[in-house]
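Working notes for the structure below.
The values are calculated or read from the model by the stated rules, or taken from the named source; none is laboratory data. Note that the structure is predicted; figures quoted are calculated from it, not measured. Please note: Cβ atoms are built from the backbone with ideal geometry, for glycine as well, and neighbour counts cover all protein chains shown. Note: areas computed on protein heavy atoms with side chains; ligands, DNA, RNA excluded. Shrake-Rupley method; radii C 1.70, N 1.55, O 1.52, S 1.80 Å.
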Amino acid sequence: MGRRGWRDLDESDVRVRPGRGTRPRSKLRPEHAGAAAAMVVAVDRGRWTCALDGDPDRLVTAMRARELGRTPVVVGDSVDLVGDTSGRPDTLARIVRVAERSSVLRRTADDTDPYERIVVANAQRLVIVASLADPPPRTGLIDRCLVAAYAGGLTPVLCLTKSDLAAPDEVLETYSALPLPIVVTHMRELHQELREQLTGRVCALVGHSGVGKSTLVNALVPHAERATGEVSGVGKGRHTSTSAVALALPGGGWVVDTPGIRSFGLAHVTADDLIRAFSGFAEAAEECPSNCGHLGGGDDPECHLDAYVAESGGEEQLRSLRRLLRSRAGRDD
């Protein structure tokens, strides 16, 4: 105001700051054309570790951009990064896009829980690890993992550990009718067939605690140094992996070690989701009545799958498929 006093002010001296409501809000968002592609390999408290171009030697720590909102970002996701992608200490990039997933392994806490938890994205194989003894194999959990794999678009592989403690014959017979690769190994020697199933692919390992999953990971990736623990006195394993993490395999590819599980809820899976994984049965199921559960017998007496196998064969495979359907429904009969 200089030497002017307040009595000399007029309307030309008034300045009005516009309120927030009067500012036009643009819906345009940056395209991030120069964003760098990466794969999420670990998640920890709102920070994502990403491998640029899938290179395990180029790791970047990132946060989720505000425009993504609550979009879930999990291990295995293909993402686009902007910001500081140098990977130097105390630097942070931003995840601005999450690519469409080719496969998703989901689970719920139990069969009544409506909330799905995405365990891993874009995995090509699901290696279901089960021990033959100490603790004994839990075929119910194996069945549920198979259901989740088929429904999520993953190819399942059954890995039976501790064959030096018990014979695998009974388990092999149980799953002989399914198109399921089965690898039998023990803790002193890692079977070469398992390496062949994993090399060059993104593969997730799942199994309940104490089956030797972390021991397998340590054998596959010597520098991983995942914790291993003994089985407790009551026959239950101790949790030694506390979070999912993708580890680079020496021959190429990634193995995703997941925390040990004691239950695998399938509230998100329908009978048709499972049937679609079996091409011959999927086509035959189109002739089934509406809302058919495909269990046959007194549950679904008009299920067309019975007529299909009577003409084309495959009774053993249908029995195995229906065992998986009963497991999905929470039935052990």
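Observations
- Checking every residue in the range 58-75 against the condition of being modelled with pLDDT of 95 or more, farther than 27 Å from ALA149 by Cα, of a type in the set (D, E, K, R) and assigned to a loop (DSSP other than H, G, I, E, B) gives at least one match.
- Among (1) closer than 20 Å to GLU316 by Cα; (2) open to solvent by less than 10 Å² (accessible area, probe 1.4 Å), the one test that THR161 misses: (1)
- Listed conditions (1) within 12 Å of the chain's Cα centre (by Cα); (2) among the small types (Gly, Ala, Ser); (3) crowded, with 16+ Cβ neighbours inside 10 Å are all met by SER102, apart from (3).
- Members of the range 307-332 that are farther than 24 Å from THR139 by Cα, open to solvent by less than 60 Å² (accessible area, probe 1.4 Å) and modelled with pLDDT of 90 or more: ALA307, VAL309
- Exactly one residue out of ASP80, ASP143, ASP164, ASP110 is assigned to a loop (DSSP other than H, G, I, E, B), over 22 Å from SER243 (Cβ atoms) and among the charged types (D, E, K, R): that is ASP164.
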